[in-house]
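A.B. asks: The structure under discussion is supplied below as structure tokens; questions concerning it will follow.
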Amino acid sequence: DAKTTQPPSMDCAEGRAANLPCNHSTISGNEYVYWYRQIHSQGPQYIIHGLKNNETNEMASLIITEDRKSSTLILPHATLRDTAVYYCIVRSHTGTASKLTFGTGTRLQVTL
Amino acid sequence: DAGVTQSPTHLIKTRGQQVTLRCSPKSGHDTVSWYQQALGQGPQFIFQYYEEEERQRGNFPDRFSGHQFPNYSSELNVNALLLGDSALYLCASSNSPLAGVSYEQYFGPGTRLTVT
């Protein structure tokens, strides 16, 4: 699976949009971009994933650049409960296993 | 609908001992993966079970072994415990990787293992 690069930490004011970047310059054509988050002492939680097109669900939006070498996770109105470590993962859907390769992620701190 | 459950929540063991951790997947899921998360690090893939067989393995020694039962639940066994095995052990369940559909992984709350 391709390697990802994320800033180690970010701050965001409550109510504002949080934009979390991720670089994945070695991504291959059949690899998807996944985002998970982990709130302190809990298991990681799936947020969203995409291949080429931008995606949106009830939690967040995922913007993938046209060359697919980077992406941005957008939390439109961050709340204190969004404080967590956010992991960007590149992953293939082919093969017999579907392991997730986590990096160190971005620690997002949402403040009042 | 119960999500992924793990037991026990916390465990304290002594070096050299053996430990067994348990996981029940989310209803409808047939694939279980195990991860180890050391303090301050992201989770690291240990192995994955599907159809009661180990399908893929991460860079972990043979002291780490597992099992999947016909009801899809799974166990992680660690022998000859080392201090460095202290970590949060996470179980994740998903649909079969061969199902051809999107299969995000759902994680349990983890088991905190402390080796003294």
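The values are calculated or read from the model by the stated rules, or taken from the named source; none is laboratory data. Keep in mind that what you see is a predicted model, and the values were worked out from it rather than measured. Heads up, the Cβs are rebuilt from the backbone with ideal geometry, glycines too, and the neighbour counts pull from every protein chain shown. Each accessible area value is taken on the protein alone, full model and side chains, heavy atoms only, with ligands, DNA and RNA left out. Shrake-Rupley method; radii C 1.70, N 1.55, O 1.52, S 1.80 Å.
This table checks each residue for (1) small (Gly, Ala, Ser); (2) within 21 Å of B:Gly40 (Cβ to Cβ); (3) modelled with pLDDT of 95 or more.
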residue	(1), (2), (3)
A:Cys22	no, yes, yes
A:Thr26	no, no, no
A:Val33	no, no, no
A:Arg37	no, yes, yes
A:Gly50	yes, no, no
A:Ile64	no, no, yes
A:Ala78	yes, no, yes
A:Thr83	no, yes, yes
A:Tyr87	no, yes, yes
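A.B. asks: Can you tell me which residue within region B:1-13, out of those that are open to solvent by 70 Å² or more (accessible area, probe 1.4 Å) and more than 14 Å from chain A (Cβ to nearest Cβ), is nearest to the chain's Cα centre (by Cα)?
C.D. replies: For region B:1-13, the residue satisfying everything is B:Ile12.
A.B. asks: Can you name the residue in region A:62-73 that is among the β-branched types (Val, Ile, Thr) and free of Cβ contacts under 8 Å to residues at least 40 places away in the same chain and is also nearest to the other protein chains (Cβ to nearest Cβ) among such residues?
C.D. replies: Ranking the qualifying residues of region A:62-73, first place goes to A:Ile64.
A.B. asks: If we keep just the residues of region B:47-84 that are closer than 17 Å to B:Lys13 by Cβ and open to solvent by less than 10 Å² (accessible area, probe 1.4 Å), which is farthest from the other protein chains (Cβ to nearest Cβ)?
C.D. replies: B:Leu81
A.B. asks: Does region A:64-71 include one or more residues that are assigned to a strand (DSSP E or B) and of a type outside the set (S, T, N, Q)?
C.D. replies: yes
A.B. asks: Is there a residue being among the aromatic types (Phe, Trp, Tyr), touching a Cys at 6+ places or on another chain (Cβ under 8 Å), in a strand (DSSP E or B) and open to solvent by less than 70 Å² (accessible area, probe 1.4 Å) anywhere in region B:94-112?
C.D. replies: yes
A.B. asks: Also, quick follow-up: Hey, could you check region A:40-61 for residues that are away from chain B (no Cβ under 13 Å) and in a strand (DSSP E or B) and say which is nearest to the chain's Cα centre (by Cα)?
C.D. replies: A:Ser61
A.B. asks: Quick one: which residue in A:Arg81, A:Arg107, A:Arg91, A:Arg68 is out of contact with any strand residue (DSSP E or B) (no Cβ under 7 Å at 6 or more places or on another chain) and crowded, with 16+ Cβ neighbours inside 10 Å?
C.D. replies: A:Arg68
A.B. asks: Considering only residues that are of a type in the set (A, V, I, L, M) and either farther than 12 Å from A:Leu100 by Cα or touching a Ser or Thr at 6+ places or on another chain (Cβ under 6 Å) (or both), which ones fall in region B:33-53?
C.D. replies: B:Ala38, B:Leu39
A.B. asks: Of everything in region A:12-30 that's away from every other protein chain (no Cβ under 14 Å) and in a strand (DSSP E or B), which residue is surrounded by the most Cβ atoms within 10 Å (Cβ to Cβ)?
C.D. replies: Among residues in region A:12-30 that are away from every other protein chain (no Cβ under 14 Å) and in a strand (DSSP E or B), the one surrounded by the most Cβ atoms within 10 Å (Cβ to Cβ) is A:Ala18.
A.B. asks: Here is a further query. Going residue by residue through region A:18-38, is there one that turns out to be farther than 28 Å from B:Arg57 by Cβ and in contact with a Leu (Cβ under 7 Å, 6 or more places away or on another chain)?
C.D. replies: Yes, region A:18-38 contains a residue that is farther than 28 Å from B:Arg57 by Cβ and in contact with a Leu (Cβ under 7 Å, 6 or more places away or on another chain).
A.B. asks: Could you say which residue among B:Gln17, B:Gln41 is in contact (Cβ under 8 Å) with a residue 40 or more places away in the chain, out of contact with any strand residue (DSSP E or B) (no Cβ under 6 Å at 6 or more places or on another chain) and surrounded by fewer than 19 Cβ atoms within 10 Å (Cβ to Cβ)?
C.D. replies: Going through B:Gln17, B:Gln41 in turn, the sole match is B:Gln17.
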